[in-house]
């Protein structure tokens with residue numbers, strides 16, 4: 001990436017973490033995502049953090065310690081079986097069209113896609129010069 005960044009100095013490069021895969025905080029995916037986060041932080045790089053987005057519901061409840069995957073499935077009782085889905089649970093307790101919007105999302109749920117779209121919009125707007133206010 002450094003070579004590309006040197007060759008294309010006028011391009012804003014965005015790094016990203018990998019999607020959750022159900023292996024949890026001790027899994028290889030999370031450990032590699034931590035490497036990416038640390039690299040970005042230490043080198044002032046821009047990061048779009050899929051793992052982070054997929055670990056929280058819109059009320060900021062954290063599921064990252066429950067072995068979630070990118071479909072929002074998680075292990076409710078730490079028995080190794082994904083038996084809950086935070087996105088479906090959240091959608092079922094909130095109003096479609098007001099709190100969340102139904103949109104197709106490959107391998108995930110609409111509210112997760114909503115969060116990814118909001119994060120991408122915010123990121124691109126900031127890169128384009130918006131001050132965040």
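Residues of the range 26-55 being in contact (Cβ under 8 Å) with a residue 12 or more places away in the chain, part of a loop (DSSP other than H, G, I, E, B) and either under 14 Å from the mean Cα position of the chain (by Cα) or exposed (fewer than 13 other Cβ atoms within 10 Å of the Cβ) (or both), which ones?
Across the range 26-55, the qualifying residues are 49, 55.
State which residue is surrounded by the fewest Cβ atoms within 10 Å (Cβ to Cβ) when the search covers only the range 6-23 and only residues that are farther than 24 Å from residue 85 by Cα and under 24 Å from the mean Cα position of the chain (by Cα).
Going through the range 6-23, the residues farther than 24 Å from residue 85 by Cα turn out to be 6-15.
Remaining after also requiring under 24 Å from the mean Cα position of the chain (by Cα): 11-15.
Values: 11: 9, 12: 11, 13: 11, 14: 14, 15: 15.
By that ranking, first place goes to 11.
So which residues in the range 88-108 are farther than 18 Å from residue 59 by Cβ and in contact with a strand residue (DSSP E or B) (Cβ under 7 Å, 6 or more places away or on another chain)?
Listed by number, the list holds a single entry, 102.
Can you tell me which residues in the range 104-133 are within 18 Å of the chain's Cα centre (by Cα), modelled with pLDDT under 95 and exposed (fewer than 12 other Cβ atoms within 10 Å of the Cβ)?
104, 106, 107
Out of 58, 82, 68, report the one residue that is within 28 Å of residue 38 (Cα to Cα), in contact (Cβ under 8 Å) with a residue 40 or more places away in the chain and surrounded by fewer than 18 Cβ atoms within 10 Å (Cβ to Cβ). Break it down stepwise before answering.
Values: 82 fails: within 28 Å of residue 38 (Cα to Cα); 68 fails: surrounded by fewer than 18 Cβ atoms within 10 Å (Cβ to Cβ).
Just a single option satisfies the conditions, and that option is 58.
Which one of the conditions (1) in contact with a helix residue (DSSP H, G or I) (Cβ under 6 Å, 6 or more places away or on another chain); (2) farther than 25 Å from residue 47 by Cβ does residue 97 fail to meet, given that it meets all the rest?
Single failed check for residue 97: (1).
Got at least one residue in the range 71-81 being more than 21 Å from residue 25 (Cβ to Cβ) and out of contact with any strand residue (DSSP E or B) (no Cβ under 7 Å at 6 or more places or on another chain)?
No; the residues of the range 71-81 include none that is more than 21 Å from residue 25 (Cβ to Cβ) and out of contact with any strand residue (DSSP E or B) (no Cβ under 7 Å at 6 or more places or on another chain).
Here is a check on your reading of the model: is residue 131 in contact with a strand residue (DSSP E or B) (Cβ under 8 Å, 6 or more places away or on another chain), assigned to a loop (DSSP other than H, G, I, E, B) and on the phi < 0 side of the Ramachandran plot?
no
The values are calculated or read from the model by the stated rules, or taken from the named source; none is laboratory data. Note that the coordinates shown come from a computational prediction; the quantities given were computed from them, not determined experimentally. Please note: Cβ atoms are built from the backbone with ideal geometry, for glycine as well, and neighbour counts cover all protein chains shown.
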